[in-house]
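No value in this document is a laboratory result; all are computed from the given coordinates. Computed from a predicted model, the values in this text were never measured in an experiment. Glycine gets a Cβ as well: all are built from the backbone with ideal geometry, and neighbour counts include every protein chain shown.
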Amino acid sequence: MRLAKYMAQCGVASRRHSERLVTSGRVSVGGKRVTDPAHDVSEADEVTVEGKPISPQQHEYHLVYKPLGVVSTAHDPEGRPKVIDLVRSSARLYPVGRLDADSSGLILLTNDGQLANRLTHPSFEVEKAYRASVGASVPAEALEQLRQGVTLEDGMTAPADVTEVSRSPTATVLEIVIHEGRKRQIRRMLEAVGHRVSSLERVRFGPLELGGLAPGASRPLEPAELEALRAAAKG
């Protein structure tokens, strides 16, 4: 098995992050530093990451309602609250994708690197649904622009599914469904059509929904949810 894939299956990180760990020289196999993520290994090999041995572990999957002000990274140099601290587990969990600190909502924590890679890779087109509030009435032309795709500094976005949830003269709430994962994408899309987001919440990730989960709360996935999630990622 390729080293980066083995690391992902051991719950170290997603496959892409594992590849970066290898190329940065932080991984050894049999006591020798390896910098090629495609290096072949087996369970008989002693693999260490930053000097700590790793081995395959039982996978865990937790649905979390990330509150505002919590970062969705495993490490934060600024010492801010982390989403991984919301789940009690002895496993080395990490978030699948990211939500900005000023956004809230659904995020998945797992140590299944292979599934995490599929869920975040753009080629698998796993949908993500957001509720976005803006402090103005959004005209029909702007909604149609979002549905057709808008031009950002990193290129044209794919067409989005946009539904108006509520409208008043001073505020509009939209549900926006995308399958891309660019940085701050929903905020930048709305800014591109002239509207700044005042609040943003992710309400769905693939087949997973927040339901009645409270901010800061978490729960393990049900077997049926995990099966549906794997199907969404074509896994």
Quiz item: Out of (i) 65, 52, 34; (ii) 73, 51, 33; (iii) 65, 37, 36, which label holds the value of Cα extents along the principal axes in Å that was computed here?
Solution: (iii)
Quiz item: Based on DSSP H runs of at least 4 residues, each adding -39500 (n - 2.57), what is the mean residue ellipticity at 222 nm of the chain after dividing by all its residues, to the nearest 500 deg cm²/dmol?
Solution: -6000 deg cm²/dmol
Quiz item: Between 56, 149, 126, whose Cα lies farthest towards the positive end of the dipole of the chain when Lys and Arg beta carbons carry +1 and Asp and Glu beta carbons carry -1, centred on the Cα centre?
Solution: 56
Quiz item: For residue 5, which lysines qualify as cross-link partners when the Cα separation must be under 24 Å and same-chain residues fewer than eight apart are set aside?
Solution: 32, 52, 234
Exercise. Kindly list the residues of the range 182-221 that lie in the label zone of residue 16, defined by a backbone N under 16 Å from the point 7 Å along the Cα-to-C-beta vector.
Key: 182-186
Exercise. Of the DSSP beta bridges with both residues in the range 1-122, give the percent that are antiparallel, rounding to the nearest 5.
Key: 95 percent
Quiz item: Nearest 0.05, what FRET efficiency do residue 156 and residue 217 give at R0 = 35 Å with Cβ-Cβ as r?
Solution: 0.40
Quiz prompt | In Hz, Karplus ³J(HN,Hα) per residue of the range 203-211 (6.51, -1.76, 1.60; θ = phi - 60°; x = Gly, Pro) | solution = 10, 8, 9, x, x, 7, 10, 5, x
Quiz item: In a GNM of the chain with a 10 Å cut-off on Cα contacts, which of 166, 199, 14 has the highest mean-square fluctuation?
Solution: 166
Exercise. Before anything else, pin down the relative contact order of the chain: Cα pairs under 8 Å, at least 6 apart, normalised by residue count, whole percent.
Key: 21 percent
Exercise. With a ≥ b ≥ c taken as the square roots of the eigenvalues of the C-alpha gyration tensor of the range 70-183, please select rounded if a/c is under 1.5 and otherwise prolate if a/b is larger than b/c or oblate if it is not?
Key: prolate
Exercise. Assuming 0.890 mPa s and 25 °C, estimate D for the range 15-65 with Stokes-Einstein, Rh taken as the Kirkwood radius over Cα pairs, in µm²/s.
Key: 203 µm²/s
Quiz item: Among 58, 145, 114, which one moves the most in a GNM of the chain with springs linking Cα atoms closer than 10 Å?
Solution: 58
Quiz item: Tell me, what does the Kirkwood hydrodynamic radius of the range 152-231 come to in angstroms if you use every pair of distinct C-alpha atoms?
Solution: 15.0 Å
Quiz item: By how many nm would the segment from residue 42 to residue 192 lengthen if fully extended, with 0.36 nm per residue of separation less the alpha-carbon distance?
Solution: 49.1 nm
Quiz prompt | Beta bridge orientation in the chain: antiparallel %, DSSP, nearest 5 | solution = 95 percent
Exercise. May I ask for the angle, rounded to the nearest 10°, between helix 223-232 and the longest principal axis of the chain, with both axes built from Cα atoms and the value confined to 0 to 90°?
Key: 80 degrees
